[in-house]
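Q: Have a look at this one.
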Amino acid sequence: MTFNPNASLDPGQITDRRGMRGGGGLAIGGGGIGIVLLIAYILLGGNPGDLGGAGLQPGAVEGPGSSALATECKTGQNANERDDCRILGYVNSIQAFWKDRFAASGETYSPANTVLFSGVTSSGCGTASSSTGPFYCPPDQLVYIDLDFFKELRSRFGASGGSLAQGYVVAHEYGHHVQDLLGTLKSGANDQGAEGRSVRTELQADCFAGVWANHAAATGYLQPFTSEQIADGLDAAAAVGDDRIQQSATGEVDPDSWTHGSSAQRQQWFTTGYQGGDPNGCDTFKGNI
Ligand SMILES: [Zn+2]
């Protein structure tokens with residue numbers, strides 16, 4: 001058990017688009033109309049599939065998921081039993097932590113919703129599909145997650161995929177939202193390479209995820225993590241390392257094209273955040289990483 005069974009969840013932090021139907025026949029291209037390939041902060045590098053310009057059909061409506069989530073994901077007990085409720089629980093805990101943390105610094109944290117989708121959905125960064133992987137989109141300040149990704153994390157990326165693997169993924173994406181609020185999520189994040197700005201940005205998001213993990217129990221939503229659960233988080237971080245993904249995809253590792261950092265780096269920065277519990281210890285923009 002991970003979540004406190006009596007914790008009260010806030011379903012208002014999730015926008016549930018599961019059950020929405022994407023446009024029939026994805027009109028990729030469309031004469032260039034609507035191709036808005038803005039920077040999206042995706043969890044993993046490699047070739048997860050780009051966000052393109054195809055969108056939902058006009059008039060697509062939210063499925064029944066929203067109300068179902070609100071009525072079925074009410075407590076920590078629900079989060080212990082269901083994947084979608086668990087994502088909600090993590091989103092609640094992560095945002096509770098950052099709200100307090102910003103307030104302690106005299107700043108105001110602006111909450112960001114997570115969009116749960118299945119299949120395909122539109123975003124301020126273009127169209128996302130299951131193969132995109134979880135991402136944060138700065139223009140609309142939303143986190144996008146397809147729950148099927150966590151199956152893929154186990155089957156394709158070989159992670160154990162325990163509960164904190166999900167927590168790590170959600171916390172990493174909210175790490176980008178925090179960067180966005182702090183103004184450190186700037187253009188230039190496409191700079192590739194092992195020491196480049198993209199890798200540094202991603203490793204800071206991993207570190208921020210670790211900082212939240214340190215304080216997760218204090219948010220009231222979660223019980224203190226066990227060492228096995230932390231190992232699940234580290235395992236997920238390693239699974240989405242650039243070197244691991246490149247090795248399995250092509251059999252070769254090319255640090256010059258890295259965007260997210262190696263498995264070892266991602267584990268190291270999550271650990272740095274977790275052990276220190278201080279976002280100020282997450283300065284990945286200076287020195288060796
Ligand atoms: Zn990222």
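Q: When the residues of the range 247-289 are filtered to those that are in a loop (DSSP other than H, G, I, E, B), among the β-branched types (V, I, T) and closer than 24 Å to G167 by Cβ, which remaining residue is nearest to the ligand (Cβ to nearest atom)? Full working, then the answer.
A: Step one: filter the range 247-289 for residues in a loop (DSSP other than H, G, I, E, B), giving 251-254, 258-262, 277-278, 282-289.
Checking the rest, the ones that are also among the β-branched types (V, I, T) come to 253, 259, 284, 289.
Still in the running and closer than 24 Å to G167 by Cβ: 259, 284, 289.
Working: T259: 9, T284: 12, I289: 15 Å.
Here the residue is T259.
Q: Tell me, which residue of the range 247-289 that is within 13 Å of Q204 (Cβ to Cβ) and hydrophobic (A, V, I, L, M, F, W, C) is surrounded by the fewest Cβ atoms within 10 Å (Cβ to Cβ)?
A: Out of the qualifying residues, it is F285.
Q: Just need a number here: residues in the range 220-246 that are surrounded by fewer than 21 Cβ atoms within 10 Å (Cβ to Cβ), among the hydroxyl-bearing types (S, T, Y) and part of a loop (DSSP other than H, G, I, E, B).
A: The qualifying residues number 1.
Q: Which condition number in (1) in contact with a Phe, Trp or Tyr (Cβ under 7 Å, 6 or more places away or on another chain); (2) farther than 18 Å from G277 by Cα; (3) within 11 Å of the ligand (Cβ to nearest atom) is the one that E173 fails?
A: With respect to (1) in contact with a Phe, Trp or Tyr (Cβ under 7 Å, 6 or more places away or on another chain); (2) farther than 18 Å from G277 by Cα; (3) within 11 Å of the ligand (Cβ to nearest atom), E173 is out only on (2).
Q: Is at least one residue of the range 173-190 of a type in the set (K, R), part of a helix (DSSP H, G or I) and under 19 Å from the mean Cα position of the chain (by Cα)?
A: Filtering the range 173-190 for residues of a type in the set (K, R) gives 186.
Still in the running and part of a helix (DSSP H, G or I): none.
No, that holds for no residue.
Q: Is it true that G158 is assigned to a helix (DSSP H, G or I) and more than 22 Å from D16 (Cβ to Cβ)? Can you show your working first?
A: Numbers: assigned to a helix (DSSP H, G or I): no; more than 22 Å from D16 (Cβ to Cβ): yes.
The answer is no for G158.
Q: Counting just the residues of the range 126-170 that are among the aromatic types (F, W, Y) and either crowded, with 24+ Cβ neighbours inside 10 Å or farther than 20 Å from Q246 by Cβ (or both), which one comes out nearest to the ligand (Cβ to nearest atom)? Explain how you work it out, then say what you get.
A: To start, the set of residues in the range 126-170 that are among the aromatic types (F, W, Y) comprises 135-136, 144, 149-150, 157, 168.
Restricting the remaining residues to those that are either crowded, with 24+ Cβ neighbours inside 10 Å or farther than 20 Å from Q246 by Cβ (or both) gives 136, 144, 150, 168.
Working: Y136: 7, Y144: 12, F150: 16, Y168: 11 Å.
Selected residue: Y136.
Every number in this text was worked out from the coordinates using simple rules, so none of it is lab data. Remember, predicted model here, so these are calculated numbers, not experimental data. Note that we place each Cβ from the backbone using ideal geometry, even for glycine, and neighbour counts take in every protein chain shown.
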